[in-house]
Each structure stands twice: as C-alpha cells, then as structure tokens.
Amino acid sequence: MSGTVAGLLQVALLFLALGLVYRPLGDYMARVYSDTRHNRVERAVYRLVRVDPDSEQRWSTYAFGVLGFSFAGIALLYLLQRIQSILPFDFGRGDVQPGMAFNTATSFVTNTNWQSYVPETVMGHTVQLVGLTVQNFVSAATGLAVALALVRGFVRARTDRLGNFWVDLTRGTVRILLPVAFLFAILLIVTGVVMSFKSGVDVDGSTVATAPVASQEAIKELGTNGGGVLNANSAHPFENPSGWSNLVEIFLIAVIPVCLTRSFGTLVGNRKQGYVLLGVMGTLWTAMLAVIWVAEAHGLRPLEGKELRFGIPSTALFADATTGTSTGAVNAMHDSFTGLGGGGALLNMLFGEMTPGGVGTGLYSILVMAVIAMFLAGLMVGRTPEYLGKKLGRREVTCAAISILAMPAVVLIGAGITAVLPGTPGALNNPGAHGLSEILYAFASASNNNGSAFAGITVASDWFQASLGVCMLLGRFVPIVAALCLAGALAEQRKVPVTAGTLPTTGPLFASLLGGSVVLVAALTFVPALALGPIAEALQ
Amino acid sequence: MTTMTRSSEPQAENQQVAAGVFAPRQLLDSVPDALRKLHPRHQVRNPVMFVVWVGSVLVTVFAVAEPSVFTVAVAVWLWFTVLFANLAEAVAEGRGKAQAESLRRTKKDAVARRIREDGTEELVPGADLRVDDLVVVEAGEVIPGDGDVVAGIATVDESAITGESAPVIRESGGDRSAVTGGTTVLSDRVEVRITAKPGETFVDRMIALVEGAQRQKTPNEIALTILLSTLTIVFLLAVVALQPFAVYSGGEQSVVVLTALLVCLIPTTIGALLSAIGIAGMDRLVQRNVLATSGRAVEAAGDVNTLLLDKTGTITWGNRRATGFIPVGGTSMDALVDAARLSSLADGTPEGRSIVELCVTGYGRAAEATDHEKTGEAVPFTAQTRMSGIDLGGREVRKGAASGFVLTEQTREIVDEISADGGTPLVVAESTGGDHTVLGVIRLSDVVKPGMKERFAELRAMGIRTVMVTGDNPLTAKAIAAEAGVDDHLAEAKPEDKLALIRHEQEGGRLVAMTGDGTNDAPALAQSDVGVAMNTGTSAAKEAGNMVDLDSDPTKLIEIVRIGKQLLITRGALTTFSVANDLAKYFAILPAMFAAIHPQLGGLNVMGLHSPNSAILSAVVFNALIIVVLIPLALRGVRYRPSSASALLRRNLLVYGVGGVVTPFAGIWLIDLLVRLIPGIG
C-alpha cells in the first residue's frame, strides 16, 4: 500500500470516527450545559469554593470570573515551578528560572502550551501532574465555558444573565473532559504509550527519560493543549508509539471542537446552524491539509525533520490538525517543512484558530467572525444586519472588532519588534526569509494560543520568554472579554423574527461568505509579512 | 417650487428607485466646499479619511525636503484622495442646499392680522407671532405661520410646499385643520391658531433637514464606521510592522512608499463616500416629496417587517368610484344616468370622472360633451354647498352630499344603506323653474387599485407583512382584504386598536411602518418605527410621525421601504467593493517594494507594471480616481430589485465582491500605461 493511499485511508478513518461521535457527543455537551441539576461531585466543589450554582452572572461578572481564575492559576503554577526543589518527584531538577517559569505558567493557563523548556531536564512529576496537567483540564474547560456563554447570548432574549462561570467550568471538567480523557488514556496505554512514575529507564547503559505520559497525553490532545511531557512531543515513541496512537491523538485533537458545532446547533434550536459552521471549518481544514501534504510530498528535502515512522501523509495530517486546532502538539519539526508547507501551518494559525480551533475557542472565534461577515452581508440585503435573530449594532460590532483585532495586533507588533532586535539573528537557525518565517511562526503560535514551535528558533532569552508570554495573555484574554461583552449585548436584545427578508445562515451562500471572511481577514492582514517570509521562500 | 418633482403615479413594478439627476457640473460647483473641508477639524470626524489626511501631510513634508517626481506625484495624488472624498460629501450636500434654497423662496414675509383679546385686529409682521396667537386669513392672503384652523373653512393653495396645484380644503375641527405657513388662502376666511414659533415652522425644519445642518450619524453608520476604523487599524499595523520585516530582510522602505501602501489598503472608497450615501438617501426621499426627520427613520424603513396600510386611499381608491345608479320616485334609469352624466361632464375630480366613465361603459353614453352641452355653465364644488353641477338652458342639475338635499323616506333609506355598506352616496337632483326633484342616488364605492396584489406579493418576497386597517365591518373588510391580497386585516379599527396592533407586533421583535393623518393617529404614529404623516393631516399627526409625505399619498410607504433598503445595500456594497480592491493593490505594490531583495516576488507582478515607482503611483491614482467614479453611484444608490435575501446577497457579492477584485487589476494596469510615460517615473 503506497503512502498516499494509506494517508487517504487515515483521513477517511478520522472523518468516519468523528462522524460517529458527532451526534452523541455534541448533544451530550449541549445537555451538560443546559442541565439544571448538579451531581454529587459538583455540589461538593461548589460547597468548597462557596459558590451558589443556581445564581447566574452578568457578562462582566462572568468575565471577571474567567480572568480571576486564570490569573490565580498563573500565580499558582509560577509558584509551583519556583519551589520545585522542595516538592517530591523533582529528581533533582531544581527550581525553574523566573523567566521560564512565567512563560510556562502563562503558556499552560492560556491553553497555549508553548514550551520554552526541555521537560525531561526541567520539570519533575509533581509540577507536571499538579500544575501542568490540572491546567490542561481547566484551561480547556474555560474555553468551553466562554463559548457556551456566547451561545447563550444568541439564545437568550431580554436578560443580562449569561450563566455561571464556576458551574460551566466545573461541568466542563467533571462531565466532559475527565471522563473522555480517562477513557482515552487507557486506550493510549493499549496502543503503547508509556505510563510510568520513574524518572527514566536504563537502556544499554544510557538513561531514557520516562514519565506518566498516557494520562497527560489524552488531555494534552483532547483539551487542544499540546504541551508534551517529553521534549520531542508527539514525535517521541513514548508519547506516540504507532500509527494507531497517531490517529487516536489526531482524533482526540479534533473531537471536541468538531462536536461543539453540534452542541451549538442544538442549543440555538436549528441544527443546520451548527452544520454550516462545521462545513466552513472542515473545508478550510481540508484545504490546508492538501496544501501541506502536497508541499511536503514535493519538497526538496522531503524527509528532513519528518517522523519517518509515519511518513509524509501522517505528518501532514498531524501538522494540519495541530495548527488548525490551537493544539500545538507536533509529530514533526515544522521548521523543516518547505516554504509552502510551513507557510500553510503558519496560515492555519493566522486564520485565528477557528478551523476548527481550540476547545471552545474555535466556536467563539468563528461566531465572532460570523458577526463581522453578517454585518456586511446583512447590509447587502437591505436590512440593518442581524445574525441568529440578534441585531448587530454599534456595541456588537465594537466587541467583535476588538476580538478580531487582538491577535493580528499582537502578532505584528511582537514579530516586528523582534525582527529588528540586535540579538535576534543569533537566536535563529536560518538567516533570510526562513528566519523571518521562524519569528512569525513563534509569535503566531503564542498569540493564537497554539503552542506549536517551528523549532528553528531559540526562545530561552528573556525577551522571548517575556514577549511571547505577553502575546499569549493578550491573545487569549482580549478576545475572551470581547466575546463575553458581545454575549452580554446580544442577550439583552429581543429576538428579531425570521422573515423572507432575513438572510438565511444555513446554506452554502453563508458558508462561502463566512469561509471567505476567515481567509480574507487573515490574507489582508498578513500578506505583506508573509511575502517576506514563506511566500518569498515558496517562490524560490 | 421647481426642483421638487412630484411623483404622482406610483412607481412601476420592479422599477429601480429612480435616480436623482446628477450632472458633472455639480462636481465643479462643489470644489470650493471640498477645499474648505480640508480643515483637520472636519477631517477628524471621519477616521479613515483622517488617516489619509495625516499621510498626505507626511508625504508632503518629504516631497518638500527631498523633491523627486515620484514623491511629489504621490503627495499630489494623496491630496486628491482627500479632496475627492470631500467632493463627494460636498456634492451630496450641494443638492440638499439647492432644495433648501427653493424652499426659502417660499418663505414670504407675510403680515399677520392678529386678533387681540378684545376681538379687534392688529397688523404684525409674521416673524413676531407667538404660539397660541390667533390670526385671521382671507382669500388672497398668505398664511403667516403654521397652525390649526379654529374657525371657518377655506380652500388653500399649498403648491409652494407640495408642488400640487389643486387647492385643498382646510376647516376647523376634524383631521384637515392644519395649515402651513407660506401657503395661500384662495377662498373664504379662516381663523388660525399659531402652533409653531417663527424659525421653527415646518418649512424651517424642512430647510434644516435638506441642508443636512442637523445631520447626525445614524446607528448603522456608526457601527459601520467602527468596522472601517478597525480595518484601518489592522492595515496600519500591517504596514507599520512591515518596515522592521523589510529592515530584517535588508530592504528598508521609504516613508513615502509605506504611506502609499497604507492609503491604498485602508477602505478609502467607502470611507470617502459613506456620508454622501447617507445624505443622498435623505435626498432621494425629498425628491419623492417625503421629509424624514432623521436618518434613523430611513434606516428603520429598510428593516420594516409589518406595514399597516389604511384601506381607504391606499389599497382602494377610496369611495371615489361610481359603481351604480339607483333611481328614486318615478325617475327612469335613463333619466338618472343622463342627469348624472350631465352634472359630471365639467367635473374634473376623480369621482366626477368615474361617473362619466360608468355612464359610458355601462349605459353607452358619449364620453365627450356635445356642443349644446358645452354652452352650459358649470357650477364648481364649494366647501359650503358641497355640491357641484351644471346650469343648462334653465335646467339646473346638481349632485352632492345627501345633507345638501331634502330627501324622501325612500331616498333616505337608500342613502343609509349605501353608507352602511361602506360606500358613499351622491344624490342627483334637478330643478326646472324652481321645481326641485331628487332623481336618484349614485353609489360611490371602494375599488381596489390595480396592481395592488402584485405589490403585496413583492413585499411578501421581501419579508414584509401587510396589514390592512379599516373601519369597515368585518365582512366587507374580509372581502376587500382577499381581493387586495394583503396578509392580514383589522376591521372596525379604532385608533386604540391600531396602537394595540403596533405594540403587539413590536413585542414580537417586528418593526412596524404606518401612515396616518388624523389627530387620532398621533399615538400610533409615535409608537410605530416608521410613521409617515400625510401633509393634509393635523399638526399633531405631523409631530408624532418621523416622516411627512407632502403628496399625502399613502402608497408611498412602499417606496420609502425601498429607499431605506437601497441605502443600506449601497453602504454594504461599497464597503465590500472597497475591501475587495485590496487584493489587486497588494499585487501591484508588494512586488514593487520587494522585488529588489527577493527577485522571485517579481513573479507576483501579474499586471506587468512598468517599474516599482509606476506601480505604486498607479495604485495610488486608481485609489483616488475610483472615489470620483463612484460618486454618482453613491448618490443614486445601487440597483435594487425586490427579491429574496439570498438572491440579493448573491447578486451584490458577484457585482461588488468579484467586481471589486477584478476592476482594480484592469484599472491599475491602464493607469500604469499612462504613468510610465511621465519622465522620472518610468
């Protein structure tokens, strides 16, 4: 069987598996967030943190909860790393340096999982399990909560209440992420992923680091986190031992962002509204897969930096899945990709992580984009614009604009400053256009909370630790606050009835409009920068 | 008044909302205004154009410091970009000013005959009148200010305001009591209570409106401006960040080139035309003799979900069509028909014409008067007698309202029966030598206007529900509703029912438009989202509505909805066009900037532009000229055909999206052919 056929079979298998769980998981998630009862574990949590689970919050309170919880998480994670030497299972790896500790804390709380450290030599098991893995769960649950709050903004009418952040956070963790992650951790152990509390095993006289990988591997992918327990990430045989584990991991990456479109359709009372979002996400994702695949298959150095165990198709598939979902796990070194292939992975992130995007973040990002697209489209049908029965006025457009604006601003400013810093050439593996691609990739990855690395750039300096940390924070929380503000504005409105004059948002016309907007916004913003990096490379 | 064209006939089906006249001369006339608007205080109100303005200043400084043909040319064309944007606004405002000018001419300095408290009269200048002053106006005099007739009845020539030459009746009490300052009383004498201060009269407000003096940005305009500002910030960042990337790549760019790129990328086309589109939308209403008190109302018109239409006069002709003759006493049908025809031959009113028509089509009489009949002396309708007719050789034939005649029991019954059915009875009588005989009754009844069914179907396709409101009994209402093809009807409607219906619709999130003229309508007009008051109506109605139709033609509501939609579509289409243009500009400018450091980027120069300088200059020139080219479109509005939302979007995306991608490729290529000939550029 040729590599191409095998690759196509994998894609087909992936789509089939996603198709099978689409309805049950999507509907289950919708039920989780609209349930009025609380289970025993949840009630215990609410008692512990003294939250009344039946009281609902305004958008500002909700946003305050998200910010407070996240910044407390950063502080805690920073502290854990700084006192690692007194924690058990540290294997003498010592306290983490302040710059690195800040960067890592920010990275895991923002669901970025950018890793400026080498796990095997820096992090002990305690920080991994109590710090990083906990954030892998709750940062994903936070994304889900924000997405749900925005959906409620569309669903509800004439209220200023968007739900309760603490309830959404707890339910996402307890009822969705924990059970699914547990199930798949077992499955991954079956496929051969390592689960060990030892620091390493002795192989022919040299020590190979091990860790409790499988349990983290599942949530690393499921929560679109991407932070590997081992430095080589999913290119490491202990994290990703076989073709089957590779496919399972890709499935895990995509499953929640994909199925969430079903939950969305269910919650807004029109499943087609969800299908159309999925259609846009899937089309763009598949298109980028084709670009990366073809570029890598026909590149000058087709095998350099690739995972030879899996071959080009599986590498391309993983690269597309990880950059299209803000996961950032890698099973190959993207730095070694061709100009076009690496540019494809880069563009996938610059779309703003909505194809299908991260857990929760993908849904709220594409909904914000839909607001912008419907504003122009709505005008062109001769009405003041509306989407899902809500008018898009001054406040709605302002919130959506801020949400959309945050990522490009952070990427361009960060990369721009970095390009002219005197220390930059020394941090790059390659000069010229490829070096610029490395810089752009790093800032795109941080600002989109992706976390994948081009790996051709040394980011241990204080400038990178600090600037990328700030990019992660702004890239995560500015859109979140803006999306919640948008949700608040939408929930206050009454519903506009659907008439023949309403532009239907379920057909191919809306799908192409939305997809076009995603591509257009990214293209118009980044073409000048890309011209000097990947485009110049690709045309060489 | 000459500039106001009166559109007496309803617009034909599917016809584009007609263009206002746009002459290239207007561009030249507006140049001084456009130059005046170069002041930064004016520019800062438009964020997109303010960025261009700052860029122009910046490039000018460089052009002065290190002059070269290229730098000077870019500076000049950047200033042209700002100027063209000003020009668009000035032209739109100029058209309003012309209308205001002709309105001002109607403001005659009338002398008012004010009634003192003791009942005597004094002469005061019209400008000294206060609210609640009582004035007397007699035939031939100009009404000195806006007010309500409190005593008397008169015919008034309102052509100065409405352009309609036929006089109208104004009387105390009822719904026809409002008079407008500047109009002339033609007959009789009325006492008027002044309701507006000098300077705040209807005409004054009209002048302020069409001049755009009180123009404020509408909600949708503000939202769009926010979106355009966001785009501007995105491009500002993209261009500013480009310099460090260029420095890194070893190809530092000049400020002139970066500014040129920025100006080309930000949405200058829509930024320049946005306010002109808004002004022109109001202007298109004025051309149809509709005055909107706010741009917000025009926008709301595009959003309307439910139209409340009064049956009479809107859906039907009103009780103005003769549908039958009923002879009384011993009169034969032939005698009645002859008399009815005779009395109506000289009667130019719709009722009169319809009577003759019925005589012709139903009873085979001649349509034209014979020579003998022409010798008769026509007796015109007056407000007091309420009858008209003809005196022909000692024979006096009259027709008129039942109240003007002495009726027999039988006639009274017929008259009452016709009234009960919702029709209007006209009594025909003849007197020869003092002998006064009632011959019979003409039944005028409601007839649905032709083409209404198609119109309502069209509205339905646009997502607009029509509700017919009538005082008729449910049976009659239902029959007419079915015949006209409205979606719903409200029978035996009282003003409070109308108000309740509007509230109910709005409760469901729908926007409601209605027309009204009576004082009774005022609460409903105020409650509705688009309330069009008829100019013939009361002051209260005019105050309550947010539009006034000078022609008092209720069918115009449909027209108003179209104009509202067209305004919004124009905004969306030009924004799409503006953004779509950027693709070609990237293809023109990026290779020009970076082919020196990355020769392979030269492959992106698909237009084959001559040199980096000519490419950049051509993009800048195109960016400026496209504004001027689109001014007529902005003023006229894009083509609008009522159809489903999807069809509209598909069409506009094709024309303005795809068209916006393709046009600049051709335009920049053509401009480059000329620009390359300039020495120092090519």
Would you be able to say whether some residue in segment B:201-212 is facing another protein chain (nearest Cβ under 8 Å) and of a type in the set (Phe, Trp, Tyr)? no
Run down A:Ala500, A:Ala522 and say which single residue is surrounded by fewer than 22 Cβ atoms within 10 Å (Cβ to Cβ), part of a helix (DSSP H, G or I) and of a type in the set (Gly, Ala, Ser). A:Ala522
Quick check on segment B:553-561. Is at least one of its residues more than 17 Å from B:Ala297 (Cβ to Cβ), in a helix (DSSP H, G or I), of a type in the set (Ser, Thr, Tyr) and at pLDDT below 85? no
Of all residues in segment A:80-105 being more than 25 Å from the chain's Cα centre (by Cα) and in a helix (DSSP H, G or I), the one that is farthest from A:Asn450 (Cα to Cα): A:Ile86
Within segment A:432-440, does at least one residue satisfy the condition of being within 14 Å of chain B (Cβ to nearest Cβ) and among the charged types (D, E, K, R)? yes
For A:Thr207, the lone unmet condition from (1) under 24 Å from A:Arg93 (Cα atoms); (2) touching a Gly at 6+ places or on another chain (Cβ under 9 Å); (3) touching a residue at least 40 places away in the same chain (Cβ under 8 Å) is (3)
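Yes/no matrix, rows are residues, columns are (1) within 28 Å of the chain's Cα centre (by Cα); (2) under 30 Å from B:Arg284 (Cα atoms):
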site	(1), (2)
B:Gln26	yes, yes
B:Gln43	no, yes
B:Pro47	no, yes
B:Gly55	no, no
B:Val64	no, no
B:Ser68	no, no
B:Gly94	yes, yes
B:Lys97	yes, yes
Out of everything in segment A:113-152 that is surrounded by fewer than 24 Cβ atoms within 10 Å (Cβ to Cβ) and among the aromatic types (Phe, Trp, Tyr), what residue ends up being modelled with the lowest pLDDT? A:Tyr117
Answer with yes or no whether B:Val337 is of a type in the set (Val, Ile, Thr), assigned by the TED database to the domain that holds B:Val397 and in contact with a Cys (Cβ under 6 Å, 6 or more places away or on another chain). yes
Scan segment B:62-111 for residues that are over 29 Å from B:Leu274 (Cβ atoms), of a type in the set (Val, Ile, Thr) and part of a helix (DSSP H, G or I) and jot them down. B:Val64, B:Val69, B:Thr71, B:Val72, B:Thr106
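Rundown of residues vs (1) away from chain A (no Cβ under 14 Å); (2) under 29 Å from B:Ala276 (Cβ atoms); (3) out of contact with any Lys or Arg (no Cβ under 7 Å at 6 or more places or on another chain); (4) without any contact (Cβ under 8 Å) to a residue 12 or more places away in the chain, yes/no style:
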{"position": "B:Ala461", "(1), (2), (3), (4)": "no, no, yes, no"}
{"position": "B:Ala479", "(1), (2), (3), (4)": "yes, no, yes, yes"}
{"position": "B:Ala482", "(1), (2), (3), (4)": "yes, no, yes, yes"}
{"position": "B:Glu507", "(1), (2), (3), (4)": "no, no, yes, yes"}
{"position": "B:Ala541", "(1), (2), (3), (4)": "yes, no, yes, no"}
Matching helices (runs of 4 or more DSSP H) fully within segment B:210-328 where at least 1 residues are within 28 Å of the chain's Cα centre (by Cα) and touching a residue at least 12 places away in the same chain (Cβ under 8 Å): B:219-249, B:268-287, B:295-303
If B:Pro554 meets every condition in (1) surrounded by fewer than 22 Cβ atoms within 10 Å (Cβ to Cβ); (2) facing chain A (nearest Cβ under 10 Å) apart from one, which number is that one? (2)
Please pick out the residue among A:Ala453, A:Ala427, A:Ala406 that is surrounded by fewer than 24 Cβ atoms within 10 Å (Cβ to Cβ), in contact (Cβ under 8 Å) with a residue 24 or more places away in the chain and touching a His at 6+ places or on another chain (Cβ under 8 Å). A:Ala453
Does B:Ala619 count as within 14 Å of chain A (Cβ to nearest Cβ), crowded, with 24+ Cβ neighbours inside 10 Å, within 22 Å of B:Ala584 (Cα to Cα) and in contact with a helix residue (DSSP H, G or I) (Cβ under 7 Å, 6 or more places away or on another chain)? yes
Condition first: under 30 Å from B:Arg641 (Cα atoms), surrounded by 13 or more Cβ atoms within 10 Å (Cβ to Cβ), out of contact with any strand residue (DSSP E or B) (no Cβ under 8 Å at 6 or more places or on another chain) and of a type in the set (A, V, I, L, M, F, W, C). Can you find one or more residues in segment B:359-366 that meet it? no
Would you check if B:Gly667 is under 30 Å from A:Phe510 (Cβ atoms), more than 11 Å from every other protein chain (Cβ to nearest Cβ), out of contact with any Leu (no Cβ under 7 Å at 6 or more places or on another chain) and of a type in the set (Gly, Ala, Ser)? no
Assuming A:Arg395 fulfils every condition listed in (1) more than 8 Å from every other protein chain (Cβ to nearest Cβ); (2) touching a residue at least 60 places away in the same chain (Cβ under 8 Å); (3) closer than 23 Å to A:Met472 by Cα; (4) not aromatic (Phe, Trp, Tyr) apart from one, which condition is it? (3)
Can you find even one residue in segment B:213-232 that is more than 14 Å from chain A (Cβ to nearest Cβ), surrounded by fewer than 22 Cβ atoms within 10 Å (Cβ to Cβ), aliphatic (A, V, I, L, M) and farther than 26 Å from B:Leu87 by Cα? no
Here are the criteria: (1) modelled with pLDDT of 85 or more; (2) buried (at least 19 other Cβ atoms within 10 Å of the Cβ). Tell me which single one B:Pro40 does not satisfy. (2)
Selection from segment B:520-544 of residues that are outside any helix (DSSP H, G or I) and of a type in the set (S, T, N, Q): B:Ser528, B:Asn535, B:Thr536, B:Thr538
Among the candidates B:Glu252, B:Glu299, which residue alone is at the interface with chain A (Cβ under 9 Å from one of its Cβ atoms) and modelled with pLDDT under 95? B:Glu299
Output the residues belonging to segment B:464-485 that are under 16 Å from B:Met514 (Cα atoms) and crowded, with 22+ Cβ neighbours inside 10 Å. B:Ile464, B:Thr466, B:Met468, B:Val469, B:Thr470
Considering segment B:302-318, residues that are surrounded by 22 or more Cβ atoms within 10 Å (Cβ to Cβ) and away from chain A (no Cβ under 14 Å), and then whichever is farthest from B:Gly364 (Cα to Cα), we arrive at B:Leu308
Is there a residue in segment A:232-242 that is surrounded by fewer than 24 Cβ atoms within 10 Å (Cβ to Cβ), in a loop (DSSP other than H, G, I, E, B) and of a type in the set (Phe, Trp, Tyr)? yes
Quick check on my filter: what residues within segment A:363-392 are within 24 Å of the chain's Cα centre (by Cα) and either at the interface with chain B (Cβ under 8 Å from one of its Cβ atoms) or more than 22 Å from A:Glu492 (Cα to Cα) (or both)? A:Ile372
Has segment A:51-70 got at least one residue that is under 30 Å from A:Tyr275 (Cα atoms), outside any helix (DSSP H, G or I) and among the charged types (D, E, K, R)? yes
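The values are calculated or read from the model by the stated rules, or taken from the named source; none is laboratory data. Every value quoted in this text rests on a predicted model; they were computed, and no experiment measured them. Reconstructed Cβ throughout: ideal geometry from the backbone, glycine too, with neighbour counts over all protein chains shown.
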